[in-house]
Every structure is written in C-alpha cells, then in structure tokens.
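The values are calculated or read from the model by the stated rules, or taken from the named source; none is laboratory data. Note that the structure is a prediction, hence the values are computed from the model and not measured. Here the Cβ positions follow ideal geometry from the backbone for every residue, glycine too, while neighbour counts run over all protein chains shown.
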Amino acid sequence: MPQPKRGYALGSNPSHHRLMLRNLAESLFVHERIRTTEAKAKALRPYAERLISKAKKGTVHHRRQVLSDIENREVVHKLFDDIGPRFSERNGGYTRILKLGQRSGDGAPMALIELVEGPSVTTVDSAESSRRRRGLRRPRRTSEESAAAAPTEDTTLDEDESAEVESTDEPAASAENTTETEESTEDPADSADEDAEKN
C-alpha cells in the first residue's frame, strides 16, 4: 500500500520546494504579509514558525541554523532583532492565513499570510494612501463650472496667438532695451562729470 506523502508537493522536485519555501519566508519576514496561493501559504506556515521559534531563542547557534536556511543576512538580522523579540510572550501561532478567494486567471484559491503581531502601520498606510490618491485627483467640475471654463479657453487661445505675435517683435525691442539699460547702469558720478564737460 502506498504511503501518504508528508506535506504539500508544490513543485517538480524537493530542491525547488525547499528554495520556494526559502523565498516565501524571506518575503514574509521582509514585508510581514504576502499574498500567495492557499497551498503555498499552508506549506509556508510551519516552516516560518520554526524559524521564528529559533529567532526567539536568539543564540549564536540558532542564528547560524537560520542562516543555513535563509542566506540573506539582512532578513536574518530583522528576524532576530525585530520579529523574534516581538513574539517573546507568544508560544506558537505566529502567522495567520486569510483566504482571499479565487485568482481571476486560473481560479487558484488565494490567501494572505501575515505575522500575527505585525505593526499596525499597515492599516494606517492603506488609509493614508487612499487619502493621498484622492488628493492627487482634480476635483470634479460641476456643469456650471465647465460651462464657465469653456469661453475662457477660447480667450486663452487668442491671448496665446497675440503673445506669439508680440514675441516676434520682442527681439528688436529687447536690443533697444539693452542699450538703454547699459546707459542707465553707469555710475551717476560719471554721468555728472560728462554733463559738466558738455556745459
């Protein structure tokens, strides 16, 4: 009789499975919540919780064990210095899986896996970002404002055309202005001496 397999297959071979769990765990520790398929989230949960339990102990031996699984030193540093102490009072159950429904492309069941005692900044960030997005939009015009704005656009076109005509005449006028400004920038004492010589 065939023996049941332990855990989820999730890939073509064991090395792919191991690397995929490593990448998912790194993303979970960096972002503290990730969106993935339900099967991957269920496979990631015990792997991530074992790493967090080692991070809670905080010894050099446990740090080296985690470094053998997760090779990114910045992630391991965050795990041992931030995430591990955060769960010091909790005995297991460090992650939560929320089901999100079906993916539109292939119908795969999706889930959100997150750390239970994550910073509450994520809910505030989403509210602030929606406020920022609303602030970036132009306010909607009412029908009266749009009717009032229509004639002003025609007058701005006429003003632009007249500005272009004036700009073609400006180079000659600007040359005259520069000679006048050069004369006006002379020292007043010098001009007084010149006036005295003329008289």
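Return yes when residue 61 is over 17 Å from residue 22 (Cα atoms), in the same structural domain as residue 114 (by TED's automatic domain parsing) and modelled with pLDDT of 95 or more and no when it is not. Yes: the conditions hold for residue 61. For the range 28-48, a tally of residues being surrounded by fewer than 16 Cβ atoms within 10 Å (Cβ to Cβ) and closer than 20 Å to residue 75 by Cβ returns 5. Of all residue pairs spaced 6 or more apart or on separate chains, those with beta-carbon atoms under 8 Å, a first member in the range 75-102 that is farther than 10 Å from residue 52 by Cα and a second member that is in a helix (DSSP H, G or I) and aromatic (Phe, Trp, Tyr) are 75/29; 78/29. Considering only residues in the range 87-98 that are surrounded by 15 or more Cβ atoms within 10 Å (Cβ to Cβ) and over 25 Å from the mean Cα position of the chain (by Cα), the one that is farthest from residue 31 (Cα to Cα) turns out to be 87. If the condition is being among the charged types (D, E, K, R) and either farther than 18 Å from residue 116 by Cα or over 23 Å from the mean Cα position of the chain (by Cα) (or both), then the range 71-86 contributes 71, 73, 74, 81, 86.
Does residue 55 qualify as being within 17 Å of residue 111 (Cβ to Cβ), of a type in the set (Gly, Ala, Ser), in contact with a Leu (Cβ under 7 Å, 6 or more places away or on another chain) and buried (at least 18 other Cβ atoms within 10 Å of the Cβ)? Against the criterion (within 17 Å of residue 111 (Cβ to Cβ), of a type in the set (Gly, Ala, Ser), in contact with a Leu (Cβ under 7 Å, 6 or more places away or on another chain) and buried (at least 18 other Cβ atoms within 10 Å of the Cβ)), residue 55 does not qualify. For the subset of the range 1-50 comprising residues that are out of contact with any Ser or Thr (no Cβ under 8 Å at 6 or more places or on another chain) and acidic (Asp, Glu), which member is nearest to residue 94 (Cα to Cα)? Here the residue is 26. Can you say whether residue 102 is more than 14 Å from residue 115 (Cα to Cα), of a type outside the set (D, E, K, R) and either outside the structural domain of residue 115 (by TED's automatic domain parsing) or in contact with a helix residue (DSSP H, G or I) (Cβ under 8 Å, 6 or more places away or on another chain) (or both), as far as the supplied structure shows? Spelling it out, it is not the case that residue 102 is more than 14 Å from residue 115 (Cα to Cα), of a type outside the set (D, E, K, R) and either outside the structural domain of residue 115 (by TED's automatic domain parsing) or in contact with a helix residue (DSSP H, G or I) (Cβ under 8 Å, 6 or more places away or on another chain) (or both).
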